[in-house]
Amino acid sequence: MDYMGHVYQNKNKMADTYEDEEERKHSQRIVSAFKYYKPHSLQRLKKTESYLLTLPSHHLKLLKKYRQHLQNIRLCIENNDAIIKLIIKDVSHIFENVNPACSNNDSTLSPRPVLADQEKVQATIKQLVRDWSIEGAAERQTCYQPIIDEIIEQFSPDSCDSSDVQILVPGAGLGRLAYEIAKRGYTCQGNEFSLFMLFASHFVLNKCRGINTYQVHPWVHQYMNNLLAVHQTQAVYFPDVNPSDLPEDAQFSMTAGDFLEVYTSNNCWDCVATCFFIDCANNVVQFIETIYNILKPGGIWINLGPLLYHFSDMPTEDSIEPSYEVIREVIQGFGFKIEKEETRVQTRYAQNVNSMLQCEYNSVYFVCRKLNQELINEHRHGNENNNGTKERDNN
Ligand SMILES: C[S@@+](CC[C@H](N)C(=O)[O-])C[C@H]1O[C@@H](n2cnc3c(N)ncnc32)[C@H](O)[C@@H]1O
């Protein structure tokens, strides 16, 4: 039973039986991917173990510790699998309105696991660290805190009733940013289209009770760049806060579905907060246009993240990859005024801090306002006064 019931709404189009069937199949595929986690991970481990056994005995003797380590990896995979079983338990009931008619009791697996899906299962486990563990606190401080601080500055509880402020977080991942915004009294909706993320965030937000009650081994699939064996098998506890600790009257919900398809009503939101999201588009301009349309006149868009352009190297996907220089022209072209801007914001994403390989983004951070007609006139007037040169809105 959901003890607190953060609302999950499925906004995927379920207009006809065909789409219904497609959605059921998709859901079934994600459940299968989670179920394949253990056999797939053990297969990878067995490959190393089998090769190891072909090595000369004096090598094996020298590698005694390593062989023990491989045994530990097996235990970590089993522990992760136990969490996965909890994540996919009852997933057919997570949405308040419509549900993908898939059942976890169905013991059949789809014929072949898709490798990309296995990577997504592993990424979901790592995302638990970023969003819901003490180990993720530093990442959240650099990625989420500037957004939260800006919301508080723009919609100060001293000057408005926070619950009247409608904030949308598209690409919400495991929901921590949206949760933190709702915790501060704002009406906040997270939106996410990945069922990997939705199943996992539903488990954390609606099923986890207490603090640090579960553990995962997020780096167990990282066989390379380990300084110490224990870095690979490290356990990370979650959730670092009790997700049920939201105030009674908190307004927090999650919607499932493609941001572009779900949010089609104009002038609805006071604020859209995007973190590591805009580069998930085939056409980033369409994301920006949608954000512009759904904001109320005078509303703000806060963004932080890189331009990794997720579809860029996918042969079967379309993609454009404009530089940030071009993106800011697009933003202004739609009628936003960039009010704050910072480049080279050092940020990380689900990073294993112990790894010998570190990845860091010099992200961009900006706050921009959707101009209403009055503001547009003022803005134009300001530009004209500025010797006719195009104003750079950069603070
Ligand atoms: C890189 S992750 C960022 C997650 C989270 N904001 C964070 O900072 O940890 C981007 C997320 O956006 C989601 N996403 C991408 N395109 C989307 C779309 N069109 N509609 C809804 N969610 C989308 C992905 O599934 C993924 O969870």
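The values are calculated or read from the model by the stated rules, or taken from the named source; none is laboratory data. For clarity, every value in this text was computed on a predicted model and none was experimentally measured. Backbone-built Cβ (ideal geometry, glycine too); neighbour counts: all protein chains shown.
Quick notes
- Counting only helices (runs of 4 or more DSSP H) wholly contained in region 127-206, the ones carrying 2 or more residues that are surrounded by fewer than 19 Cβ atoms within 10 Å (Cβ to Cβ) occupy 137-143, 145-154.
- Qualifying residue in region 220-228 (condition: more than 24 Å from T48 (Cβ to Cβ) and touching a helix residue (DSSP H, G or I) at 6+ places or on another chain (Cβ under 9 Å)): no
- Condition met for Y37 (surrounded by 18 or more Cβ atoms within 10 Å (Cβ to Cβ), modelled with pLDDT of 95 or more and aromatic (F, W, Y)): yes
- Region 285-321, subset outside any loop (DSSP other than H, G, I, E, B), of a type in the set (V, I, T) and over 17 Å from the mean Cα position of the chain (by Cα), residue farthest from the ligand (Cβ to nearest atom): I300
- Single residue of I278, I300 found to be aliphatic (A, V, I, L, M) and closer than 21 Å to S201 by Cα: I278
- Against the test of being modelled with pLDDT of 95 or more and either of a type outside the set (K, R) or away from the ligand (no atom under 16 Å from the Cβ) (or both), the options S244, S265 yield a single qualifying residue, S265.
- Among the residues making up region 134-154, those that are touching a strand residue (DSSP E or B) at 6+ places or on another chain (Cβ under 7 Å) and over 22 Å from P218 (Cβ atoms) are P146, I147, E150, I151, Q154.
- Hits in region 158-204 (condition: within 20 Å of V129 (Cα to Cα) and hydroxyl-bearing (S, T, Y)): Y179, S194, S201
- Some residue of region 141-162 being away from the ligand (no atom under 12 Å from the Cβ), at pLDDT below 95 and within 26 Å of Q122 (Cβ to Cβ): no
- Residue within region 246-258 that is on the phi < 0 side of the Ramachandran plot, surrounded by fewer than 21 Cβ atoms within 10 Å (Cβ to Cβ), part of a helix (DSSP H, G or I) and not small (G, A, S) present: no
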